[in-house]
Amino acid sequence: MLNVFFTIDVEVWCNGWHNIDEKFADAFARCIHGETPQGSFGLPYQLKVMNDHGLTSVCFVEPLFSARFGQEPLDEIVGLVNAAQHETQLHLHTEWVDEARTPLMEGVTGKRQHLRYFSVAEQTSLISMGRQMLARCGAADVNAFRAGSFGFNRDTLDALAANLIPYDSSYNATLFGLDSGVKLGEAAWSPFECQGVFEYPMTVFDDGTSKLRHVQLTACSFSEMEGLLWRALEAGYTSFVILSHSFELLNSGKDRPDAVAVSRFRKLCAFLDKNRDSFQVRGFRGLVPEVSAAPALLCSPVWQTGKRLLEQVYRRTYR
């Protein structure tokens, strides 16, 4: 049985940092609800489709935006996740720190894009604040974390341990993982323990061209994900971490659904439902960590990469 973590980073962006108060209502409608003239394809849609297939997601919810826009929109997000009986976990995008109406931290007057740009004491404080924000909305049992844009470092794990958060999913070997100070520059794609925290990295694979790629709805075709899941099971993987976002099923302009991404999502849910005897889609609550020798890196045949590239051309042309 392979544990599959379908993770959704739930976050709000206002298309830049100018006039964000005027832009927020529309940004929230698109980033969270996925509202388009063709219907809504955001977080509620994703949660419903997964529930229709008896699956659960891990929603890494970003709360720092509420320091600018108030608790009500954050209440709404957590309420959606709780009502669907999925997991709310903590996600931090530190670009919001300097946008707070009441300063969250002394001395921060400009953008620090990644959590790794803060000291361990500052990271500890920010994680504590984010956790408290979620708790006030009814998500009091947070036990997992993901840094925004995977921009973490070894200090992040110390900060999580100080906050008694036992699981992290910030390691991505295609982004900041190798220079995070974790695993001493060694690429990781299976669970490991560091600083008293259990790291559950993004699942990555060689796409047949010696290029490392992480598993994400908008970055992989359904046939690639299906093949990788079977290969991970056969190779003895204990976990498989998939990335999505609350706005993942929209096009880049967030004004219409991305038909290819919607199709991939629905096919993946149907596949995981049909094969639940092999794949357990779950969250971090009640998890018993399994740490063992890292299995071989997953590889996808180059013909599937070629097929995906053609699919991506279609997506860019018609979205």
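The values are calculated or read from the model by the stated rules, or taken from the named source; none is laboratory data. Just so it is clear, the model here is predicted, and its values are computed rather than measured. Heads up, the Cβs are rebuilt from the backbone with ideal geometry, glycines too, and the neighbour counts pull from every protein chain shown. Accessible surface is based on the protein model in full, side chains and every heavy atom, while ligands, DNA and RNA are left aside. Shrake-Rupley method; radii C 1.70, N 1.55, O 1.52, S 1.80 Å.
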So what's the gap between the Cα centers of the stretch 222-264 and the stretch 107-141, to the nearest angstrom? 28 Å
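Leaving out ligands and nucleic acids, note down the accessible area per residue over the chain with a 1.4 angstrom probe, in whole Å².
Working: 12890 Å² over 319 residues.
Heavy-atom SASA per residue in the chain reads 40 Å².
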All-pairs Cα distance distribution in the chain, expressed in whole percent, bin size 10 Å: 6, 27, 36, 25, 6, 0
Which value, in Å to one decimal place, does the Kirkwood hydrodynamic radius take for the stretch 189-247 when every pair of different Cα atoms is included? 12.5 Å
Computed about the Cα centre, the charge dipole of the stretch 169-220 from +1 Lys/Arg and -1 Asp/Glu charges at the Cβ has a magnitude in debye, to the nearest 20, of 120 debye
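With charges only on Cβ, +1 for K and R and -1 for D and E, what is the dipole size of the chain about its Cα centre, in debye, rounded to 20?
Details: 30 positive and 37 negative charges, 161 e Å.
Dipole size: approximately 780 debye.
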Based solely on its DSSP helices, what 222 nm [θ] is calculated for the chain when runs of n ≥ 4 H residues each add -39,500 (n - 2.57) and the sum is averaged over all residues, nearest 500 deg cm²/dmol? -11000 deg cm²/dmol
Write down Rg/Rh for the stretch 129-280, rounded to two decimals, with Rg from the C-alpha atoms and Rh from the Kirkwood relation over Cα pairs. 0.98
Remind me, relative contact order of the chain in percent, using alpha carbon pairs under 8 angstrom and six or more residues apart? 23 percent
Relative frequency of Cα-Cα separations exceeding 21 Å in the stretch 38-171, percent: 41 percent
Gap in Å between the Cα centre of the stretch 274-299 and the Cα centre of the stretch 1-77? 25 Å
Of 280, 222, 302, which is farthest along the charge dipole of the stretch 219-310 in the positive direction, counting Lys and Arg as +1 and Asp and Glu as -1 at C-beta? 222
Rounded to whole Hz and in sequence order, give me ³J(HN,Hα) for the stretch 88-105 from the Karplus expression 6.51 cos²θ - 1.76 cosθ + 1.60, θ = phi - 60°, writing x for Gly and Pro. 9, 10, 9, 9, 10, 10, 6, 4, 7, 4, 7, 9, 5, 5, 10, x, 7, 8
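For every other residue with a beta carbon closer than 11 angstrom to the beta carbon of residue 289, add +1 if it is Lys or Arg and -1 if Asp or Glu, then tell me the sum.
Details: positive: none; negative: 193, 199, 290.
Result for the local shell: -3.
Can you give me the % of accessible surface on the stretch 1-103 that is carbon or sulfur? Probe 1.4 Å, all protein chains present, nothing else counted. Intermediate results must be reported in sequence, preceding the final value.
On the way: 1840 of 3850 Å².
Answer for the stretch 1-103 is 48 percent, counting heavy atoms of protein chains only.
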To the nearest 20 debye, the stretch 205-259 has a Cα-centred charge dipole, built from +1 on Lys and Arg Cβ and -1 on Asp and Glu Cβ, of 120 debye
Express the relative contact order of the stretch 162-270 as a whole percentage, based on alpha carbon pairs under 8 Å and six or more residues apart in sequence. 21 percent
Which is farthest toward the positive dipole end of the chain among 149, 123, 108, measuring Cα position about the Cα centre, with Cβ charges +1 (Lys, Arg) and -1 (Asp, Glu)? 149
With an 8 Å Cα cut-off and a minimum separation of 6 or more residues, compute the relative contact order for the stretch 87-199 in percent. 25 percent
